[in-house]
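Everything below concerns the one structure shown next.
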Amino acid sequence: MVHELTSPAPAPDDLRRASPSKPGWWRDAVIYQVYVRSFADSDGDGIGDLRGARERLPHLVALGADAVWLTPFYASPQADGGYDVSDYRAVDPVFGDLADADDLVRTAHELGLRVIVDIVPNHTSDQHPWFREALAGRGRRRYHFRPGTGPDGSLPPNDWESVFGGPAWTRVADGSWYLHLFAPEQPDLNWDDEEVRDEFESVLRFWLDLGVDGFRIDVAHGMVKAPGLPDIGHREQVRLIGSQQLPFFDQDGVHEIHRAWRRLLDSYGDERIGVAEAWAPSAERLALYVRPDELHQAFNFQYLNCPWDADALRRVVDDSLRATTSVGATTTWVLSNHDVVRHTTRYGAGAAGLRRARAATLLMLALPGSAYVYQGEELGLPEVTDLPDEVRQDPAFQRGEGQDGLRDGCRVPIPWTSQGPSYGFGPGGSWLPQPPEWRDLSVEAQTGDPASTLELYRSALALRRAHPALGAGDGVEWLPAPPGVLAFRRRAEGAALICTVNLTPGPVRLPAPGRPLLSSAPPAGACAGDAAALGGKVPAPARELADDDPDGAEGRTVLLAPDSCVWWAS
Ligand code: NOJ
């Protein structure tokens, strides 16, 4: 599907440095998310680890990523895939040890990749020494302990619900209750306590001193709760996350913490960054997290949640760019992560889902700002929807009525080779079963096949790095286009590029916007037979784009394939 590339995609064994350091590197960085437990297993225990991840870093370089984000690998009982930390300065033995973390950071830097690690400040594990002390009656101020309600205190202190389902409170032996917005094994910390604030600054320093380039801040919108922990007054609160402010999420008090962390990051003097995992009710509220004295990036979940619909996508793109530009930040774009159904499946089953996912990727990579790529999406992996109940580990799966509990389906270990145990994930099995058809989706199977999704990602990222109008900047120039089609121009440093996205299930004829550079599915030329060849009806031509005729292509029309995106030189 590659029509023309200004630079060839690098071979997987080409260990050239990734993008050289540049000021404001994160503003248009492509950041690859490694879910450590499912990326690469070096010791054959079926669980991915840091050594495995280090050995596979050349894949990220060959892909064209600028940075890697590693999900939590700290000491943890793994009640929530490591988001329940019992020691913030130690590596869990299942993932390796501190020397492995050090090696990984060093190797990444040698390869020109920045390293972002997760930090989990909203809650600890119930096995953290602080919580054990609290259960023994000491230092309870570090958490939220409260007496119960009802005549005998047997009802929770308020009506808050856990994101994973059920009440957000658990009762302890002496009759009092503690708050956990997630699983009971994840008690919420009390950020009014000075010791909590000091401890986390010290933990951040620990990892910054080890050389990490920044932090993805888990539940960055949740550390501060509304004074008095007021009732909400109704149920099904989880559905409101991201659309409404709740007394436990997106409280103004969190910003003071992020400002303090920004000062700490800046004190290192070499552009270490903070990335907020924040669910805010609007693009404007989200932009507050990336004000100049706060964090550098915030995940754009409005974009991730947007359906495959031209008008809705255009609105989200405009809202996101307007909000972040108003505070001088750039926007992030993300389609998948370890908490959501993979976008190949979200956008529709089978071939349509993959077509749309490929198109969505080119759209995302044409927008100004930084893009996040979740491991395996570059292989076009679908969600695994038929995992047997007994292998599922998502804590929400057991609790019901909260988050859907089906997050294991996007966490199945990824296939590297077409043969061998666990398709090259490791020398043993894999902690979640991989579908047999994944052998044909492995990195090995797709490498060198120009029609593969992997080569599409490699080509797109290579082009994005080479083309000044991609990534950088903060705006898009929308062009008139027929219903169901998005068209916009990007310009920078005298170069221009047009991106067209056909979000309809049929082909659409347009005046040729330029010369095709890269496409998720090739546009057909101007011949009268195109419609028949594609087997679809052809809407009336969109004359508007003809005005551009940048390429002497006057009168020439092209047929955009259904659910496709094309980058055009203009
Ligand atoms: C967000 C993380 O991405 C998710 O995996 C985790 O369960 C919750 N925060 C709680 O830490």
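The values are calculated or read from the model by the stated rules, or taken from the named source; none is laboratory data. Since the structure is predicted, the reported quantities are computational estimates derived from the model, not experimental observations. Ideal geometry is used to build each Cβ from the backbone, glycine not excepted, and the neighbour counts take in all protein chains shown. Note: areas computed on protein heavy atoms with side chains; ligands, DNA, RNA excluded. Shrake-Rupley method; radii C 1.70, N 1.55, O 1.52, S 1.80 Å.
Values computed for the structure shown
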item	result
Unmet criterion (only one of (1) open to solvent by 40 Å² or more (accessible area, probe 1.4 Å); (2) away from the ligand (no atom under 16 Å from the Cβ); (3) under 21 Å from G484 (Cα atoms)) for L313	(1)
Test result for F73, buried (at least 23 other Cβ atoms within 10 Å of the Cβ) and closer than 24 Å to R392 by Cβ	yes
Residue within the range 63-72 that is assigned to a strand (DSSP E or B) and among the hydroxyl-bearing types (S, T, Y) present	no
Test: residue in the range 132-155 that is in contact with a strand residue (DSSP E or B) (Cβ under 8 Å, 6 or more places away or on another chain), hydrophobic (A, V, I, L, M, F, W, C), part of a loop (DSSP other than H, G, I, E, B) and open to solvent by less than 50 Å² (accessible area, probe 1.4 Å)	no
Per-region count, the range 385-400, residues farther than 21 Å from E161 by Cα and open to solvent by 80 Å² or more (accessible area, probe 1.4 Å)	4
From the options E284, E294, E277, E256, residue that is touching a strand residue (DSSP E or B) at 6+ places or on another chain (Cβ under 9 Å), surrounded by fewer than 23 Cβ atoms within 10 Å (Cβ to Cβ) and over 22 Å from L470 (Cα atoms)	E277
So P292, is it over 21 Å from Y372 (Cβ atoms), modelled with pLDDT of 95 or more and not in a helix (DSSP H, G or I)	yes
Yes/no for A108 being assigned by TED's automatic domain parsing to the domain that holds G222, free of Cβ contacts under 8 Å to residues at least 40 places away in the same chain and under 29 Å from the mean Cα position of the chain (by Cα)	no
Residue within the range 182-189 that is open to solvent by less than 10 Å² (accessible area, probe 1.4 Å), more than 20 Å from G139 (Cβ to Cβ), within 16 Å of the ligand (Cβ to nearest atom) and modelled with pLDDT of 95 or more present	yes
Positions within the range 230-253 being of a type outside the set (A, V, I, L, M, F, W, C), open to solvent by less than 10 Å² (accessible area, probe 1.4 Å) and in a loop (DSSP other than H, G, I, E, B), in sequence order	D250
Positions within the range 333-371 being open to solvent by less than 10 Å² (accessible area, probe 1.4 Å) and under 9 Å from the mean Cα position of the chain (by Cα), in sequence order	W333, V334, L335, S336, H338, A371
Subset tally (residues that are more than 21 Å from P368 (Cβ to Cβ) and within 21 Å of the chain's Cα centre (by Cα)) for the range 452-484	4
Some residue of the range 265-281 being in contact with a helix residue (DSSP H, G or I) (Cβ under 7 Å, 6 or more places away or on another chain), within 16 Å of the ligand (Cβ to nearest atom) and farther than 11 Å from A220 by Cα	no
Matching residues in the range 224-264 - criterion: being away from the ligand (no atom under 16 Å from the Cβ), within 24 Å of the chain's Cα centre (by Cα) and over 24 Å from R142 (Cβ atoms)	R239, L240, S243, Q244, Q245
Options G48, G112, G81; residue that is surrounded by fewer than 24 Cβ atoms within 10 Å (Cβ to Cβ), outside any helix (DSSP H, G or I) and within 16 Å of the ligand (Cβ to nearest atom)	G81
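Results for (1) in contact with a helix residue (DSSP H, G or I) (Cβ under 9 Å, 6 or more places away or on another chain); (2) in the same structural domain as D84 (by TED's automatic domain parsing), shown as yes or no for each residue.
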site	(1), (2)
D386	yes, yes
E390	no, yes
G400	no, no
T417	yes, yes
R439	yes, yes
P450	yes, yes
T453	yes, yes
